[in-house]
Ligand code: FES
């Protein structure tokens, strides 16, 4: 959807530059998301799962961190969603997997503004080309985060 607002997250004192760039984006009309239900949306090529619990809109990643199934194809109950792949359950507010504090979904801030639910997402960063990675490696820079595993 078209309306975007950017938020720059400034580096702490003594550090030059911007740490990350977040973007508020309109996801759906507030009226579309009723109490206790969830809806999936693709926003800037990101799968987002929106839910409304106790009147508040929440947003988490719609992709299961286990094997990538879409959580929106699962079943929600009591503030949790069950993945259709292998039945892992995630809290729709915290993104936490039940019974495993080391596994969680990405959680995105939300707000309701002018009849819309907006979601704050990290801006998509273009991947580096192989040439850029090789040149950075030749300069002795750490490229481990740029290399697919
Ligand atoms: S893919 Fe979700 S639990 Fe396996």
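The values are calculated or read from the model by the stated rules, or taken from the named source; none is laboratory data. None of these values were measured; they are calculated from a predicted model. Methodologically, a virtual Cβ is constructed for each residue, glycine included, from the backbone with ideal geometry; neighbour enumeration extends over all protein chains shown.
Values computed for the structure shown
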quantity: Matching residues, segment 135-149, being loosely packed, with under 13 Cβ neighbours inside 10 Å and either outside any loop (DSSP other than H, G, I, E, B) or at pLDDT below 80 (or both); calculated: 138, 144, 145, 147, 148, 149
quantity: Listing of strands (runs of 3 or more DSSP E) fully contained in segment 41-106 that carry 1 or more residues being within 16 Å of residue 122 (Cβ to Cβ), within 13 Å of the ligand (Cβ to nearest atom) and modelled with pLDDT under 95; calculated: none
quantity: Filter pass, residue 89 being over 22 Å from residue 116 (Cα atoms) and surrounded by 17 or more Cβ atoms within 10 Å (Cβ to Cβ); calculated: yes
quantity: Among (1) at pLDDT 95 or above; (2) more than 16 Å from the ligand (Cβ to nearest atom); (3) out of contact with any helix residue (DSSP H, G or I) (no Cβ under 7 Å at 6 or more places or on another chain); (4) assigned to a strand (DSSP E or B) - the single one residue 117 does not satisfy; calculated: (3)
quantity: Yes/no for residue 114 being loosely packed, with under 15 Cβ neighbours inside 10 Å, out of contact with any strand residue (DSSP E or B) (no Cβ under 6 Å at 6 or more places or on another chain) and closer than 13 Å to residue 27 by Cα; calculated: yes
